[in-house]
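Student: Structure provided below as structure tokens; questions to follow.
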Amino acid sequence: MEERKAYSQDGVLAHLEMLEAQAHELALKQEEKEQQEEKLAGLKARVQELRARRDELRAKLELQQKRLLENGGAETHPEQPSARAVLEWKIKSVKALLQLFYLTGISGKLTKRGVCFCISTAYEGTYLESYYLDVLTKPEVQIQRHSVPIFIPLEQIAKKYLQTDIRRFLSVLSDHLNAYAARRYQADQLQERFSDRLEGTLQRNSLCNLLVFHYNVPSDGRSFLFTARLLYADPCCSLPTEAIVSCTPDAPAALAEVAAAHSDAFRRVALHKAFDSFSKAEETQDEALISPPGSPQ
Amino acid sequence: MENSTYKVYEDEIQLLEEEIKLLAEKYDDVKQESTFYSNEEILTSIKLFQREFQGESKGQECPSDLKAQLESLEREISFLMKFTGIQFTSHSKKTLEKNENRTVQKHRLSGNCRSLPFQLEFQLLETRNKENVSAVITDLSIVMESGEYSDLSKFVSSTEEHGNLLLFFRSLSSYAEWYEHRRCTFLHFKAKYPDIVALPEGQLGDYIILRNPKLSGFELMIVWKIHIDEEGRTTPVLDLLTKVPEQVLEQKMGPIENAPTCFRSMLLLFGIETTIENLIKVTGLEK
């Protein structure tokens, strides 16, 4: 029935249109398919190309390693190296040495009007922040720009040494900066590694030379709150000059000894190391309670 | 569905590109680190290089650029070494591990800090994160010709233990300055008062002897040690020792016993040079 309808005048046109549309759609789909296949083929080819290059490099490296082993670790020049290659080697070599200079604590770069110094700070083997000073040498020695924090007495130090002995100036400034970096590092380590023992937040000032914090001390199965107030009066020192440790009033008298021991520890060793030693001491205390010395294991 | 197929290939492409970059870098690193050219070879190359490209540029990096680059770098490092007093005489490194965020290198560095030679070996771990690069030193080994620098050995082992490379350099600089100062001071007085001043251990020793050529048996020994604590703080420590013949000792016990204390007060009041000079003058007096 419906087919007969399609054979009327309008029906034929409509039918033709429909066929045209279908053909168009098919063409589009065909084009899309071809594009997709092309793209896929392109990607596959790229992967092949990269794999080949990767394998080539791997082989090159293996050969290089083999040659090195045969020559005892030093590359002997198989062909006479070009002058350019030698120069490029030397340039890379000097650059590497320049890059290492920051490890010594004071490095810098020559600028058009002077020198840009870089003071490195570190705590034991970990290098921390670096501070920069753009120093002009003409008409007189002056600091044009710097990244030293304001709580470091830069102006005082500059007034004393900058004009007469710039090395001394940098050395004194480095002492201040390194001591500050070390104090900050210790406080950070305490917060990071002993957060479970700390109660509340660690209070500190920007120069990190005044710290106040509360921490838990276990004793006889109970936990007591200690308060510590550390004052670092020497700005070039990373150990406190004063360490006041107190326990809560309800704490047993025996804990006063522990507080004194802690105060002593804080003044002698770095903050996080002091806490390490507390943990160890408490562990051995616990072990002693569980299996007292002299009892059969 | 098609998209996921693309993604598989695109991911692999990205991985391969990264791997290729790392492999190429590794090859270059190994090449750089296992090669060594002496200074003569480098000078010859510079001359050759200039001759090869006389008048030609061929679109490559202009020959004067490479030479200028090298000269500029050498000027920089020469300035730094002169300014800090830390001269590096040899350096070799080996890249042990390298990927996008981590590099581990083993370094061997020798040099001297003013006149004090040192040899270092350490591992440097550099980690890259979004904001900056952090560096950590491990396996630090420091060799200093000890014996002469016995004050230093305790400090050196402590810094080695904690990997404290920065502290080592900072403190060594300060120690080296005092060392130089002591040496110059001793030499100065030896030159100025050759009859009175003796340096039994030479200018690098840590004491001088003052004696009056006309009075035998009477000697003053000034010991000047440079103390360096574990935090790297350097302090000069001076002491006076007297050697007096027995007869004089019986007569003038008082002043001789007090001598070391007086010496220390003088040091505080007048400083090292003036104190030593005063003692020399006193020794030279006819008594």
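Student: Highest mean first, what order results for A:108-115, A:180-187 on Cβ atoms within 10 Å?
Tutor: Values: A:108-115: 14.6, A:180-187: 23.0.
So the peptides A:108-115, A:180-187, ranked by packing, come out A:180-187, A:108-115.
Student: Okay, next question. Please compute the modelled spin-label separation between B:Y6 and A:L198, points set 7 Å along Cα→Cβ, answer in nm with one decimal.
Tutor: 4.9
Student: Would you tell me the mean number of C-beta atoms belonging to other protein chains that fall within 10 Å of each C-beta in A:52-58, as a whole number?
Tutor: Partner Cβ neighbours, averaged per residue: 4.
Student: For segment A:41-91, place one equal point scatterer on every Cα, skip the solvent, and apply the Debye formula. What is log10 of I(q)/I(0) at q = 0.24, 0.27, 0.32 Å⁻¹?
Tutor: Values, matching the q order: -0.92, -0.98, -1.04.
Student: If you take the square roots of the eigenvalues of the alpha-carbon gyration tensor of segment A:168-224 and sort them as a ≥ b ≥ c, do you get rounded (a/c under 1.5), prolate (a/b over b/c) or oblate?
Tutor: It comes out prolate by the Cα gyration axes.
Student: For chain A, build the charge dipole from Cβ charges (+1 Lys, Arg; -1 Asp, Glu) around the Cα centre, then report which of A:N71, A:Y215, A:L136 sits farthest towards its positive end.
Tutor: Value: A:L136.
Student: Solvent-accessible area of A:T137, probe 1.4 Å, all protein chains present, reported in Å² to the nearest ten, please.
Tutor: About 70 Å², rounded to the nearest 10.
Student: Determine the shielding of peptide B:21-33 by partner chains: average, over its residues, the number of Cβ atoms on other chains within 10 angstrom of each Cβ.
Tutor: 4
Student: What aspartates and glutamates sit close enough to B:K154 to cross-link, taking a C-alpha to C-alpha distance under 15 Å and skipping anything fewer than 8 places away on the same chain?
Tutor: B:K154 reaches B:E145, B:D229, B:E230, B:E231.
Student: Would you mind giving the mean number of other chain beta-carbons within 10 Å of the Cβ of each residue in B:66-78, as a whole number?
Tutor: Rounded to a whole number, the mean comes out at 4.
Student: Once the Cα atoms of helix A:83-100 and of chain A are each reduced to a long axis, what angle between those two axes, in degrees from 0 to 90 to the nearest 10, is obtained?
Tutor: Result, in degrees: 40.
Student: May I pose another question? Nearest 10 degrees, 0 to 90: what angle lies between the long axis of helix A:9-70 and the longest principal axis of chain A (Cα atoms)?
Tutor: 50
Student: Rounded to two decimals, what is the ratio between the C-alpha radius of gyration of segment A:4-157 and 2.2 N^0.38 Å?
Tutor: Dividing the Cα Rg of segment A:4-157 by 2.2 N^0.38 Å gives 2.35.
Student: Something else now. Of the accessible area of chain A, with the probe set at 1.4 angstrom, what percent is carbon plus sulfur? Before the final figure, lay out the partial values.
Tutor: On the way: 9750 of 18250 Å².
Answer for chain A: carbon and sulfur cover 53 percent of the accessible area.
Student: Then there is this: Which value, in square angstrom to the nearest 100, describes the accessible area buried between chains B and A on both sides, using a 1.4 angstrom probe?
Tutor: Using a 1.4 Å probe, the pair buries roughly 6600 Å².
Student: Right, another one. Would you work out if segment A:61-134 is rounded, prolate or oblate? Take a ≥ b ≥ c from the square roots of the eigenvalues of the alpha-carbon gyration tensor; rounded if a/c is under 1.5, else prolate when a/b is larger than b/c, oblate otherwise.
Tutor: The shape class here is oblate.
Student: Between segment A:62-140 and segment A:218-297, what is the separation of their alpha carbon centroids in Å?
Tutor: Taking the Cα centre of segment A:218-297 as reference, the centre of segment A:62-140 is 45 Å away.
Student: Tell me the mean residue ellipticity at 222 nm calculated for chain B from its helices only (DSSP H runs of n ≥ 4, each -39500 (n - 2.57), averaged over every residue, nearest 500).
Tutor: It comes out at -17500 deg cm²/dmol, rounded to the nearest 500.
Student: For A:H15 and A:L231 in one chain, what is 0.36 nm times their gap in residues minus the Cα-Cα distance, to one decimal in nm?
Tutor: Working: separation 216, 0.36 × 216 = 77.76 nm, distance 9.44 nm.
Between A:H15 and A:L231, full extension yields 68.3 nm more.
Student: Here is a follow-up. Rolling a 1.4 angstrom probe over the protein heavy atoms, how many square angstrom per residue are accessible across segment A:41-91?
Tutor: Accessible surface, normalised per residue, equals 65 Å².
Student: Among the listed pairs B:K94/B:K130; A:K60/A:K109; A:K44/B:K26; A:K280/B:K98, which are separated by more than 30 Å between their Cα atoms?
Tutor: A:K60/A:K109; A:K280/B:K98
Student: Okay, moving on. Using the alpha carbons of the protein assembly as shown, what is the convex hull volume per residue in cubic angstrom, as a whole number?
Tutor: Cα-based convex hull of the protein assembly as shown, divided per residue, equals 410 Å³.
Student: Is the shape of chain A rounded, prolate or oblate, going by the alpha carbon gyration tensor and its root eigenvalues a ≥ b ≥ c, with a/c under 1.5 for rounded and a/b larger than b/c for prolate?
Tutor: Since a/c reaches 1.5 and a/b is larger than b/c, the shape of chain A is classed as prolate.
Student: Still on this structure, I have one more. Contact order normalised by length for chain B, with contacts defined as Cα pairs under 8 Å and 6 or more residues apart; what percent is it?
Tutor: 9
Student: While we're on this one: Figure the gain on full extension for A:A52 and A:R167 (residue separation times 0.36 nm, minus the Cα-Cα span) and round it to one decimal in nm.
Tutor: 35.8 nm
Student: So if I place +1 on the C-beta of Lys and Arg and -1 on the C-beta of Asp and Glu, and nothing else carries charge, what would the dipole magnitude of chain B be about its Cα centre? I want it in debye, nearest 20.
Tutor: 1480
Student: How many nm separate the modelled label positions at A:A96 and A:N205, each set 7 Å beyond the Cα in the direction of the Cβ?
Tutor: 4.7
Student: Taking 0.36 nm per residue of separation and subtracting the Cα-Cα distance, what length does fully extending B:N278 through B:E161 add? Intermediate values should be presented prior to the final figure.
Tutor: Numbers: separation 117, 0.36 × 117 = 42.12 nm, distance 4.34 nm.
Full-extension gain reported as 37.8 nm.
The values are calculated or read from the model by the stated rules, or taken from the named source; none is laboratory data. Quick caveat, the model's predicted, so the values are computed rather than measured. For neighbour counting, all protein chains shown are included, and Cβ atoms are generated from backbone atoms with ideal geometry for every residue, glycine included. Surface accessibility is based on the protein's heavy atoms, side chains included, excluding ligands, DNA and RNA. Shrake-Rupley method; radii C 1.70, N 1.55, O 1.52, S 1.80 Å.
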